[in-house]
Amino acid sequence: MGTINRRQWLKQSAAASIGMGGLSITGFNAFGAVTKERKRFDPASEAGVTRLLYNENPNGPSDATKKRIAQLIPRSNRYATFHKYDYLALKNLIAEQEGLEPENVMLGHGSFDPLISVATHFGSKKEHLVVPSPSFDVVGSFARKLGADVVPVEVDSAFKIDLPAMREAIKDKTSLVTVCNPNNPTGTVVDTDELKAFCKEVPKQTTVLIDEAYIHYRDAWRQHTMAPLLKDGANILVTRTFSKIYGMAGLRIGFMLGPKELIKELEAKFTMGFPGNMPNGLSVAAACAALEDKAFVSRSRELNQQARTDFYKALDQLGLPYIPSAANFVYFDVTDFPAYKKLMWSHKILLAGGWPTKKNWARVTIGTQEELDFLLEKMQGKAWL
């Protein structure tokens, strides 16, 4: 691992917001900057564009998922109800795999929908929320806009979410604590047993939200999820998405797991119980196929690990500090991010970085080996400096 200046990190990140080259993590502005940036090249064709920006899976969706979508296209004139692959079937499948009940499952358009519902539910009455920093903090960002008191807690010396510090930040009026694990953008994870203990020890009035968007990139990931705590009555919410390892970012489908009564309340408030507000039929059917295709997930994880390890070696050769990642992206220091991004975007290489708390750091998605080779070719000799 390259050398990381912890003191410099803390100086730059002092409870500030974090923007991700169009993805503003605290002060969420997901695609506003992208509208401006896309003018740099013709978006009518993706030919020659290297997408290392949104942590998409370059290998997906799986063949089984694509086949399922093709089968359901003729049914696109129908809502995803009263069908073999309707939203209830997806809920049932998720519940079965998680050892829970369908009433523990809330579907959404990606995990974004559930995250916004949580932000609104727990932050619309000027409540107190505790969030890690830096992190992908959709909930905190949206809750701030609603008037909530959102307190960021800095990562620890290993760039992991600091659970003891977050516990200390909890007050009597704290309604929600969020944990992104693996964390975005650092790629770090917190100890599984410590996170379980944290979820159990927080005050009863405080709900813990664990964002597990990237958990499938961990070996034996089932051993690390917090979902089983729900069977013991833990006051937690767990979000996942089909946008990452499943390769379905464009289909916009995800879900949240939680206590039955809370899920029921959130669904009643944000979907109004109306099936027409559920994810579309193609997405639902594709998600069912994706959950059944465990071999594809394993293969995607293996390919990611191999490419990620090779990328580390290249960064070491270039002398660029980085943080070992448990996800499908790597976070590293390029010294002069504006110049770096300008050079990369001139070659149609799309990546994130340059946010205020770490203005010269980049986050690059682990794409195909060919994509990373092309990126590294343009990085040789630190050509942007």
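Which of the following residues is under 29 Å from E212 (Cβ atoms) and assigned to a loop (DSSP other than H, G, I, E, B): A362, A352, A327?
Working: A362 fails: assigned to a loop (DSSP other than H, G, I, E, B); A352 fails: assigned to a loop (DSSP other than H, G, I, E, B).
A327 is the lone residue from the list that is under 29 Å from E212 (Cβ atoms) and assigned to a loop (DSSP other than H, G, I, E, B).
Filter the strands (runs of 3 or more DSSP E) completely within region 164-250 down to those with at least 2 residues that are within 24 Å of A285 (Cα to Cα). Reasoning before the result, please.
On the way: elements: 174-180, 207-211, 236-241.
Once the strands (runs of 3 or more DSSP E) in region 164-250 are filtered for at least 2 residues that are within 24 Å of A285 (Cα to Cα), what remains is 236-241.
Looking at (1) modelled with pLDDT under 95; (2) within 21 Å of the chain's Cα centre (by Cα), which is the only condition S157 fails?
For S157, the failing item is (2).
Select from region 355-385 the residues that are surrounded by fewer than 18 Cβ atoms within 10 Å (Cβ to Cβ), β-branched (V, I, T) and modelled with pLDDT of 95 or more and list them in ascending order.
Listed by number, the list is empty, since nothing qualifies.
Which of the following residues is surrounded by fewer than 24 Cβ atoms within 10 Å (Cβ to Cβ) and not hydrophobic (A, V, I, L, M, F, W, C): R240, R222?
Within the list R240, R222, the selection yields R222.
Please work out which one of (1) open to solvent by 20 Å² or more (accessible area, probe 1.4 Å); (2) in contact with a strand residue (DSSP E or B) (Cβ under 8 Å, 6 or more places away or on another chain) is the condition S325 fails and give its number.
Unmet for S325, out of (1) open to solvent by 20 Å² or more (accessible area, probe 1.4 Å); (2) in contact with a strand residue (DSSP E or B) (Cβ under 8 Å, 6 or more places away or on another chain): (1).
I'm trying to understand the selection: among the residues of region 62-105, which are surrounded by 16 or more Cβ atoms within 10 Å (Cβ to Cβ) and either in contact with a Ser or Thr (Cβ under 6 Å, 6 or more places away or on another chain) or not hydrophobic (A, V, I, L, M, F, W, C) (or both)?
Selection gives S62, T65, R68, H83, Y85, D86, Y87, K91, E98, P102, N104.
From L315, L350, L376, which residue is under 30 Å from A220 (Cα atoms) and not polar (S, T, N, Q)? Before you say what the answer is, go through the steps one by one.
Details: L350 fails: under 30 Å from A220 (Cα atoms); L376 fails: under 30 Å from A220 (Cα atoms).
Going through L315, L350, L376 in turn, just one is under 30 Å from A220 (Cα atoms) and not polar (S, T, N, Q): L315.
I161 fails exactly one of the following numbered conditions: (1) farther than 25 Å from I94 by Cα; (2) surrounded by 20 or more Cβ atoms within 10 Å (Cβ to Cβ); (3) touching a helix residue (DSSP H, G or I) at 6+ places or on another chain (Cβ under 8 Å). What is the number of that condition?
It fails just one condition, (3).
Kindly indicate whether any position in region 146-155 is without any contact (Cβ under 8 Å) to a residue 24 or more places away in the chain, open to solvent by 60 Å² or more (accessible area, probe 1.4 Å) and either touching a Pro at 6+ places or on another chain (Cβ under 7 Å) or more than 21 Å from F270 (Cβ to Cβ) (or both).
Yes, region 146-155 contains at least one residue that is without any contact (Cβ under 8 Å) to a residue 24 or more places away in the chain, open to solvent by 60 Å² or more (accessible area, probe 1.4 Å) and either touching a Pro at 6+ places or on another chain (Cβ under 7 Å) or more than 21 Å from F270 (Cβ to Cβ) (or both).
Are any residues in region 24-50 at pLDDT 60 or above and surrounded by 18 or more Cβ atoms within 10 Å (Cβ to Cβ), and if so, which ones?
T50
The values are calculated or read from the model by the stated rules, or taken from the named source; none is laboratory data. These numbers come from a predicted model, not from an experiment. So basically every Cβ, Gly included, is an ideal-geometry build from the backbone, and we count neighbours across all protein chains shown. We work out accessible area using only protein heavy atoms, side chains counted, and drop any ligands, DNA or RNA first. Shrake-Rupley method; radii C 1.70, N 1.55, O 1.52, S 1.80 Å.
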